[in-house]
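One structure below.
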Amino acid sequence: MTPIQETILNKKTTNTPIWLMRQAGRYLPEFRKIRELNPDFVSLCLNETLSSEITLQPLKRFSLDAAIIFSDILMVPHGLNQKVKFEKNFGPLLGELNIEQMSKIDEIDFVQKLYPIYKSLKKVSENSLIKDKNLIGFVGAPWTLLVYMINKHSPKKKLIKDFFKDVFLINRLLAIIEKFLKLHITHQIKNGATVIQIFDSWAGLLEEKDLPNYVYIPTLNLVNYIKSLNIPVICFPRGIKNYKSYCDIVKPDAINIDYDVDPINVYKSINIPIQGGLNPKVLLTDTENLKKETAKYLNIFKDHPYIFNLGHGVLPETNPNMVDYLVKMVKDY
């Protein structure tokens, strides 16, 4: 059993496992080289040779306990024929949403469109670098995908005016999203993913009263589905105020916390395995500060099943040497 599975399934942490969100990304010079030659991000995610190579890059440098497939949560809208492109210094831009056409999409066509992602997972799973480690597949939560698909770009602080106006559209779209997320998850698992993480990047945009309809129920459906496939599931409802309620209702196998959450409060109130928490900006400071902040999380969770990670992805301006220092520190703890 891998260290991550041991933590999640047996709720025991002998040695704290570590992996990082966006560990395969822009802070690595070897990734930037590939990116310069491949400016179209969607095409890069769908290039099985390059995406598998990128996935493995951090494992060649650091003794991490998992690889996370190099892909994007917006590959699902892409598979549903909504135009997706990434603008430099702006982020994702999505095209018009045609719900009529979307509701007629055939499952085979969807899988065909995302097939390179599954081939990439297969390639990584067969690589010797992944031996005794986990291969993490992932999806965006239904709510977060809904936000992108209707909003058509990152909401940053707020949703477009009248976002909730067309309840019929929202409910139809949520049903389509859920159906194809399950398909996407199934194919990731079939091709080697041993853990699934659900990213709900925009859960924090909702008021408490809207969480059941848009976050709790749709995510619970996915969590139950993943559990039925005998694969551990980690949820990351970023920006949510009440992690305890989320865990009690959604019941993931592990929960990733963000850096705005008080880890002591989480330790006291949540009994499932915890992942993450460290502010990625700490990696932009110095080794002394990194040591202090890392030790804080390691000490708080020393008697709780814990996977070391960040409260968000590795920032592009991060020095790889700082990541190396962090990984070694966690391993030596």
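The values are calculated or read from the model by the stated rules, or taken from the named source; none is laboratory data. Treat the numbers as computed from the prediction; the structure is a model and nothing was measured. Because the Cβ atoms are built from the backbone with ideal geometry, glycine has one as well, and the counts that use them run over all protein chains shown.
Looking at I170, I130, which one is out of contact with any Lys or Arg (no Cβ under 7 Å at 6 or more places or on another chain) and either more than 25 Å from A254 (Cα to Cα) or acidic (D, E) (or both)? Spell out the reasoning first.
Working: I130 fails: either more than 25 Å from A254 (Cα to Cα) or acidic (D, E) (or both).
Of I170, I130, the one residue that is out of contact with any Lys or Arg (no Cβ under 7 Å at 6 or more places or on another chain) and either more than 25 Å from A254 (Cα to Cα) or acidic (D, E) (or both) is I170.
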Next on the checklist: Quick check on the range 279-300. Is at least one of its residues surrounded by 16 or more Cβ atoms within 10 Å (Cβ to Cβ) and closer than 21 Å to V233 by Cα?
Outcome noted: no
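Can you confirm whether the range 29-36 contains a residue that is in contact (Cβ under 8 Å) with a residue 60 or more places away in the chain and within 16 Å of the chain's Cα centre (by Cα)?
Let us first name the residues in the range 29-36 that are in contact (Cβ under 8 Å) with a residue 60 or more places away in the chain, namely 29.
Then keep just the ones that are within 16 Å of the chain's Cα centre (by Cα); that gives none.
No; the residues of the range 29-36 include none that is in contact (Cβ under 8 Å) with a residue 60 or more places away in the chain and within 16 Å of the chain's Cα centre (by Cα).
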Item to check | Tally, over the range 180-203, of residues that are farther than 18 Å from Y214 by Cβ, aliphatic (A, V, I, L, M), assigned to a helix (DSSP H, G or I) and touching a residue at least 60 places away in the same chain (Cβ under 8 Å) | outcome: 1
Checklist entry - Hey, I73 hits all of (1) under 18 Å from the mean Cα position of the chain (by Cα); (2) part of a helix (DSSP H, G or I) but one; which does it fall short on? => result (2)
Checklist outcome for this item: Subset of the range 122-149, residues more than 19 Å from L206 (Cβ to Cβ), of a type outside the set (D, E) and part of a loop (DSSP other than H, G, I, E, B), comes to N127, K131, K133
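For the range 150-159, check the following and say yes or no: at least one residue is in contact (Cβ under 8 Å) with a residue 60 or more places away in the chain, in a loop (DSSP other than H, G, I, E, B) and surrounded by fewer than 20 Cβ atoms within 10 Å (Cβ to Cβ). Before you say what the answer is, go through the steps one by one.
Kept after step one, since they are in contact (Cβ under 8 Å) with a residue 60 or more places away in the chain, are these residues of the range 150-159: 153-154.
Next, from what is left, pick out any that are in a loop (DSSP other than H, G, I, E, B): 154.
Filter again for surrounded by fewer than 20 Cβ atoms within 10 Å (Cβ to Cβ), leaving 154.
Checking the range 150-159: at least one residue is in contact (Cβ under 8 Å) with a residue 60 or more places away in the chain, in a loop (DSSP other than H, G, I, E, B) and surrounded by fewer than 20 Cβ atoms within 10 Å (Cβ to Cβ).
Yes or no: L74 of a type outside the set (F, W, Y) and within 18 Å of S201 (Cβ to Cβ)? Before the answer, list the steps.
Working: of a type outside the set (F, W, Y): yes; within 18 Å of S201 (Cβ to Cβ): yes.
It is true that L74 is of a type outside the set (F, W, Y) and within 18 Å of S201 (Cβ to Cβ).
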Item to check | helices (runs of 4 or more DSSP H) wholly inside the range 235-333 containing at least 2 residues that are farther than 17 Å from I18 by Cα and modelled with pLDDT of 95 or more | outcome: 243-250, 263-269, 287-300
